[in-house]
Amino acid sequence: MTTRLRFDGWILGTGTTSGTRIVLGHWPSSPLGAFSDVMVQRPDGHRVLLAPSGQVAEFVGSTYAFDEVRLVDVVVTHHGAAWTVHAGPLAMSVRVGRRPGLGRLLRAVPAPLARRPGWVGLLDRPARLLTGLRTTGSAGNGRTEWYGVQDLHTLAAVDATWDGEPLGAVSPVRPPVTFGFGSVPPRPSVVRVTTTVQVP
């Protein structure tokens, strides 16, 4: 018997010129309540999860792979194009940019359809061919995930620090992050997404 859990919100992904890559999950609606978490991959490949509670750390840490997990307050605010993130050693402010052609295409799909795992599965092969990204796949501990993306904006600017040290300017997410099968677009962006996780 399996259970499907649905997380509704945003995923923001960016690289920095220092080589640190950051993936923020901001989930106003989820089986764990409203929360945000941050996955960080340092230039040497070290993968850190910044989680706001033990429950979130256990669930996310069982779905993706990390070298270190830290329990910290994760506070995210966004007003229009401006996002701010405070999570333990990480402080980040982001200015969201325009919606590219792919974002307009994604918005054209009715949201109830875009969220359905069956539809998301159909898009997996075209997404891999066009973007190199996957919309569905196997995650940790026998779990399966579907990413139902409904909108996309590029990031115009990022100002981030780690333990007070500047991480540099916004930069492509290269090399790709290695937390699990899913990644984020190489071009820094924020996507509106419904993530469905099937737990055995």
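The values are calculated or read from the model by the stated rules, or taken from the named source; none is laboratory data. The structure displayed is predicted, hence computed values, not measured ones. Cβ: placed from backbone, ideal geometry, glycine included. Neighbour counts: every protein chain shown. The protein model used for the area step is the full one, side chains on, heavy atoms only, and it has no ligands, DNA or RNA in it. Shrake-Rupley method; radii C 1.70, N 1.55, O 1.52, S 1.80 Å.
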- [ ] Mind telling me which of the residues Ser93, Ser62 ends up being at pLDDT 95 or above, out of contact with any Lys or Arg (no Cβ under 6 Å at 6 or more places or on another chain) and of a type in the set (S, T, N, Q)?
- [x] Ser93
Open item on the list: Criterion first (open to solvent by 30 Å² or more (accessible area, probe 1.4 Å) and either basic (Lys, Arg) or within 24 Å of Pro172 (Cβ to Cβ) (or both)) does Arg4 satisfy it?
Closed with: yes
Task: Unique match (being open to solvent by 30 Å² or more (accessible area, probe 1.4 Å), assigned to a helix (DSSP H, G or I) and closer than 19 Å to Pro188 by Cβ) among Leu106, Leu113 - done: Leu106
Open item on the list: Just to be sure I understand the filter: pairs with C-beta atoms under 8 Å, separated by 6 or more residues or on different chains, first member in the range 171-188 and farther than 18 Å from Arg128 by Cβ, second member assigned to a loop (DSSP other than H, G, I, E, B) and of a type in the set (Lys, Arg). Which pairs pass?
Closed with: Pro172/Arg187
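May I ask you to verify whether Thr195 is β-branched (Val, Ile, Thr) and in a strand (DSSP E or B)?
yes
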- [ ] Look at Val149 and say whether it is outside any helix (DSSP H, G or I) and either over 22 Å from Gly101 (Cα atoms) or open to solvent by less than 20 Å² (accessible area, probe 1.4 Å) (or both).
- [x] no
TODO: Of the numbered conditions (1) open to solvent by less than 20 Å² (accessible area, probe 1.4 Å); (2) under 19 Å from Thr63 (Cα atoms), Val190 fails exactly one; give the number of that condition.
DONE: (2)
Task: Residue list for the range 7-57, filter: closer than 22 Å to Pro172 by Cα and surrounded by fewer than 16 Cβ atoms within 10 Å (Cβ to Cβ) - done: Thr17, Pro43, Asp44, Gly45, His46
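Listed here are the residues, each with its yes/no results for (1) within 26 Å of Ser62 (Cβ to Cβ); (2) touching a Leu at 6+ places or on another chain (Cβ under 8 Å); (3) among the polar types (S, T, N, Q).
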| site | (1), (2), (3) |
| --- | --- |
| Leu102 | no, yes, no |
| Arg116 | yes, no, no |
| Val120 | yes, no, no |
| Arg125 | no, no, no |
| Arg128 | yes, no, no |
| Gly148 | yes, no, no |
TODO: Kindly provide the set of residues from the range 159-191 that are β-branched (Val, Ile, Thr), closer than 29 Å to Arg6 by Cα and not in a loop (DSSP other than H, G, I, E, B), ordered by number.
DONE: Val190, Val191
Open item on the list: Quick check on this structure: which one of Thr77, Thr84 is surrounded by fewer than 14 Cβ atoms within 10 Å (Cβ to Cβ), in contact with a Ser or Thr (Cβ under 7 Å, 6 or more places away or on another chain) and closer than 20 Å to Thr14 by Cα?
Closed with: Thr77
- [ ] For Thr16, indicate whether it is under 15 Å from the mean Cα position of the chain (by Cα) and of a type in the set (S, T, N, Q).
- [x] no
